[in-house]
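**Student:** This is the structure I have questions about; it appears just below.
The values are calculated or read from the model by the stated rules, or taken from the named source; none is laboratory data. Keep in mind it's a predicted model, so treat the numbers as computed, not measured. Using ideal geometry, Cβ is built from the backbone for each residue, glycine included, and neighbour counts are taken over all protein chains shown. Side chains included, ligands, DNA and RNA excluded: accessible areas come from the protein's heavy atoms. Shrake-Rupley method; radii C 1.70, N 1.55, O 1.52, S 1.80 Å.
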Amino acid sequence: MEREQVAALLARGAGHVSGEEMSRALGVTRAAVWKEIEALRAAGWPIESSTRKGYKLAGPPPALSAPYISAQLSKGNLFSGKVQVEPLVDSTNTRLKARAASTPTGSALLAEEQSGGRGTHGRSFQSPKGDGLYLSVLIRPHVGVADLLTLTGWVAVAAREGVERASGAPIDIKWLNDLYLNGKKLCGILTEFALLAESGEPDYVVIGMGINMNQTLDTFKAQGLEDIATSLAIEGYPVERNHLAVCLLEALDKLNREFPAKRADYLERYRAHCITLGRRVSFDGEGTLQTGTVAGVDDDFALLVDGDDGNRHIVSSGTVKMI
């Protein structure tokens with residue numbers, strides 16, 4: 001724990017932090033502080049030292065760090081101090097759901113690697129170590145089920161803006177909740193919620209996302225996905241993972257504060273970046289595969305499709321493919 005506390009003090013420091021300041025803040029000896037500083041250095045943390053000034057963090061840590069991420073969040077951010085990083089989990093969503101009863105709202109879980117990453121409709125999500133950012137958060141919005149059913153669209157907007165802020169990449173949204181870059185999938189989003197058995201009211205929501213960061217073209221070729229998926233690195237928008245995590249948690253904190261009051265604002269931003277609009281698509285309609293042209297997104301984030309059968313369809317779930 002002292003190591004994480006020393007890391008947090010360094011991450012919060014605007015400049016140098018003296019060993020005496022840290023020892024006083026933590027209630028330990030300066031020798032104990034020095035020991036933890038050396039351990040962090042051995043782990044690759046870029047810590048500079050000055051005889052007169054103390055210690056200074058010269059850049060981000062080499063791996064995901066909960067203390068570092070929390071320290072970079074803006075004051076009052078819902079997730080500050082409640083960030084956890086695990087080296088390996090089956091799924092960040094699955095893990096947070098299992099802990100939901102004892103987990104406070106605003107908890108965020110990141111993993112270096114997932115062994116059982118999940119997407120929508122039960123699809124698996126490849127989550128190799130070092131290639132992506134795998135992040136889930138737990139929130140408890142005080143809303144009805146009708147509002148909650150629109151949340152995935154809100155999350156797509158927040159995730160798009162978080163990734164764009166971190167990387168500068170021109171991110172698009174493919175209905176309903178995939179992020180695309182230059183016509184290929186960059187990020188998948190999975191939103192899951194639970195209801196209270198007694199009242200049927202929402203209990204909690206777990207929002208998860210996996211963002212392709214460092215995969216190469218060869219990575220996707222080996223999986224047969226080179227025409228479907230891409231990464232920030234492939235497209236020329238490399239980004240440091242802790243910084244990306246911070247930008248996403250800032251965007252999700254903003255969403256949590258604005259949901260559901262600012263639906264019109266999020267709808268406007270969703271529609272402005274939805275590449276499915278105007279496209280020919282195939283979709284599940286009344287038990288059969290149908291085709292048509294997308295006419296718009298309604299006020300509940302459902303897709304409006306002018307079907308080739310002459311009818312207008314409201315598509316709120318299922319698989320929609322651009323053709």
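**Student:** Of all strands (runs of 3 or more DSSP E) completely enclosed by segment 1-104, which ones contain at least 2 residues that are among the acidic types (D, E) and closer than 25 Å to G130 by Cα? Steps first, answer last, please.
**Tutor:** On the way: elements: 47-50, 54-57, 83-86.
So the answer is none; nothing clears 2.
**Student:** Show the residue pairs meeting these rules: Cβ distance below 7 Å; 6+ apart or different chains; first residue within segment 81-109 and over 27 Å from R12 (Cα atoms); second residue basic (K, R) and at pLDDT 95 or above.
**Tutor:** V89/R95
**Student:** Give the residues of segment 45-80 that are out of contact with any Asp or Glu (no Cβ under 8 Å at 6 or more places or on another chain), closer than 24 Å to L109 by Cα and among the polar types (S, T, N, Q), sorted by residue number.
**Tutor:** Once the filter is applied, which keeps residues that are out of contact with any Asp or Glu (no Cβ under 8 Å at 6 or more places or on another chain), closer than 24 Å to L109 by Cα and among the polar types (S, T, N, Q), segment 45-80 yields S65, S70, Q72, S80.
**Student:** So which residues in segment 118-141 are at pLDDT below 80, in a strand (DSSP E or B) and either basic (K, R) or open to solvent by less than 10 Å² (accessible area, probe 1.4 Å) (or both), if there are any at all?
**Tutor:** Once the filter is applied, which keeps residues that are at pLDDT below 80, in a strand (DSSP E or B) and either basic (K, R) or open to solvent by less than 10 Å² (accessible area, probe 1.4 Å) (or both), segment 118-141 yields only R118.
**Student:** May I pose another question? Here is a check on your reading of the model: is T276 in contact with a strand residue (DSSP E or B) (Cβ under 7 Å, 6 or more places away or on another chain) and assigned to a loop (DSSP other than H, G, I, E, B)? Steps first, please.
**Tutor:** Working: in contact with a strand residue (DSSP E or B) (Cβ under 7 Å, 6 or more places away or on another chain): yes; assigned to a loop (DSSP other than H, G, I, E, B): yes.
The answer is yes for T276.
Yes or no, residue by residue, for (1) under 14 Å from the mean Cα position of the chain (by Cα); (2) not polar (S, T, N, Q):
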position: G236; (1), (2): no, yes
position: N242; (1), (2): yes, no
position: K254; (1), (2): yes, yes
position: E258; (1), (2): no, yes
position: Y270; (1), (2): no, yes
position: R280; (1), (2): no, yes
position: T288; (1), (2): no, no
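**Student:** Might you check whether a residue that is assigned to a loop (DSSP other than H, G, I, E, B), within 20 Å of the chain's Cα centre (by Cα) and not aliphatic (A, V, I, L, M) occurs anywhere in segment 244-251?
**Tutor:** No.
**Student:** Got at least one residue in segment 166-182 being more than 26 Å from N242 (Cβ to Cβ), in contact (Cβ under 8 Å) with a residue 60 or more places away in the chain and surrounded by fewer than 22 Cβ atoms within 10 Å (Cβ to Cβ)?
**Tutor:** To start, the set of residues in segment 166-182 that are more than 26 Å from N242 (Cβ to Cβ) comprises 174-176.
Those still in the list that are in contact (Cβ under 8 Å) with a residue 60 or more places away in the chain too: 174-176.
Within this subset, residues satisfying the condition of being surrounded by fewer than 22 Cβ atoms within 10 Å (Cβ to Cβ) are 174.
Yes, segment 166-182 contains at least one residue that is more than 26 Å from N242 (Cβ to Cβ), in contact (Cβ under 8 Å) with a residue 60 or more places away in the chain and surrounded by fewer than 22 Cβ atoms within 10 Å (Cβ to Cβ).
**Student:** Spot the failing condition for T219; the list is (1) open to solvent by less than 20 Å² (accessible area, probe 1.4 Å); (2) assigned to a helix (DSSP H, G or I); (3) farther than 30 Å from K75 by Cβ, and only one is missed.
**Tutor:** Tallying (1) open to solvent by less than 20 Å² (accessible area, probe 1.4 Å); (2) assigned to a helix (DSSP H, G or I); (3) farther than 30 Å from K75 by Cβ, T219 fails exactly one: (1).
**Student:** If only one of E198, E164 is acidic (D, E) and farther than 22 Å from I69 by Cβ, which one is it?
**Tutor:** Values: E164 fails: farther than 22 Å from I69 by Cβ.
So the residue among E198, E164 that is acidic (D, E) and farther than 22 Å from I69 by Cβ is E198.
**Student:** For segment 14-25: of the residues being open to solvent by 40 Å² or more (accessible area, probe 1.4 Å) and within 34 Å of the chain's Cα centre (by Cα), which is nearest to S49 (Cα to Cα)?
**Tutor:** Within segment 14-25, the match that is nearest to S49 (Cα to Cα) is H16.
**Student:** Turning to a different aspect of this structure: State whether one or more residues within segment 199-213 are hydroxyl-bearing (S, T, Y) and open to solvent by less than 20 Å² (accessible area, probe 1.4 Å).
**Tutor:** Start the filter on segment 199-213 by keeping residues that are hydroxyl-bearing (S, T, Y), which leaves 199, 204.
Among the residues that remain, those that are also open to solvent by less than 20 Å² (accessible area, probe 1.4 Å) are: none.
The answer is no, given that none of the residues of segment 199-213 is hydroxyl-bearing (S, T, Y) and open to solvent by less than 20 Å² (accessible area, probe 1.4 Å).
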